[in-house]
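The values are calculated or read from the model by the stated rules, or taken from the named source; none is laboratory data. If you're wondering where the values come from, they're calculated on a predicted model, not measured in any experiment. With ideal geometry, Cβ positions are generated from the backbone for all residues, glycine too; neighbour counts draw on all protein chains shown. In case anyone asks, the SASA skips ligands and DNA or RNA and just uses the protein heavy atoms, side chains included. Shrake-Rupley method; radii C 1.70, N 1.55, O 1.52, S 1.80 Å.
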Amino acid sequence: MPIPNIKTIYNDALYWATSSQSKNKAYHLTRTQEAILRKLIHYATKDEKITYSNTIISGHTFIDTEVLRKEIPKLVKKKYISSATTKVSDGGDVYTRRTMYIKWDTIQMVLNDIPTETSEPHPEPKPEKETPEKAPENQSPIVPEPESMEHEETVFELTEEKENWLINQVKKEQSDIDAASLKRLSPDVLIKFFYGDAGLWDIDENTIENVNQWRRYHVGGTQCKIYNANDDSQKLRVNIHDLNAYLESKGKQFSGFDFGDYQHIERYGLPKLEQA
């Protein structure tokens, strides 16, 4: 396995160098020093020879030039960077040019010095046996919430039924529309087209389907059928008024009906509305 280049994984070294756990290390960095070093590393990704003045670095980091004047030599002392100055004469004017380089070997050393967990994990304490409490007499039984069961989330599927319906809707404006062109649309676009803001697709005058692909079939009267469009084994026949009361108690409408609701109703049924 190739060894990662320190130039691509230096972040962990800097996080450790600024942590409170490394305060006793000679390479420990203050937050200001780390901010300066990160900017210098950023410069080095474009040109390893860093020649920016303190004024320019200050403009990029919003750190005062006087702070930079004091802190950059500390980075040199801690061997994170090297710095050399040369005097250049130009037409009688003499000025100083500074060149800095990142010392990647130091950053690699810091990375290597990060402690690793070598001690064996402490065994988890065994839970104490709980003595079941005796239920008070004359207490109404509590209907338990359904146990969480692993169930794959419904994924939108562009079925032949949906394809035909959608093609019939748009073929007057786009005569060359076909199933292949629909399949090129993203699921998000298709979901928006079928379910929209209401979260329901009116399949026909008696049937609606929500974005979770649960359908409600109701032709009138008090009874309705709830079923999963993708699983014929998941179906319920319930009183539509009891269903609406249940959903209202959950703060939702049929557009939000999901597998958890189906599971609950299948196990415990629906509470009957009190007759006025």
Would you please name the trypsin sites (Lys or Arg not before Pro) within the stretch 179-276 that are DSSP coil residues with at most 13 other C-beta atoms within 10 Å of their C-beta? Arg184, Lys250, Lys272
About its Cα centre, what dipole magnitude does the stretch 192-234 give when the only charges are +1 on Lys and Arg Cβ and -1 on Asp and Glu Cβ, stated in debye to the nearest 20? 100
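Multiply the residue separation of Asp12 and Ala180 by 0.36 nm, subtract the distance between their alpha-carbon atoms, and state the gained length in nm to one decimal.
Numbers: separation 168, 0.36 × 168 = 60.48 nm, distance 4.85 nm.
So the chain would gain 55.6 nm between Asp12 and Ala180.
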Roughly to the nearest percent, how much of the accessible area of the stretch 3-49 is carbon and sulfur, given a 1.4 Å probe? 49
How much length, in nm to one decimal, is gained on full extension between Glu248 and Ser233, taken as 0.36 nm per residue of separation minus their Cα-Cα distance? 2.8 nm
List the lysines whose alpha-carbon lies under 26 Å from that of Lys171, not counting same-chain residues fewer than 8 positions away? Lys162, Lys183, Lys192
Hey, quick one: spin label on Lys77, modelled 7 Å out along Cα-Cβ, who in the stretch 19-41 has an amide N within reach, i.e. under 16 Å? 24-34
Cross-link pairs beyond the 23 Å C-alpha cut-off, checked among Lys74/Lys103; Lys23/Lys77; Lys23/Lys79: none
In nm, to one decimal, how far is the modelled label at Lys49 from the one at Asp105, with both set 7 Å along Cα→Cβ? 2.1
Hey, with R₀ at 45 Å, roughly what FRET efficiency would Asp113 and Phe156 work out to, going by the Cβ-Cβ distance, to 0.05? 0.35
As an exercise, find the ratio Rg/Rh for the stretch 181-276 from alpha-carbon atoms, using the Kirkwood inverse-distance average for Rh. 1.01
Per Stokes-Einstein, at 4 °C and 1.567 mPa s, what whole-number D in µm² s⁻¹ belongs to the stretch 1-92, with the Kirkwood radius over Cα pairs as the hydrodynamic radius? 88
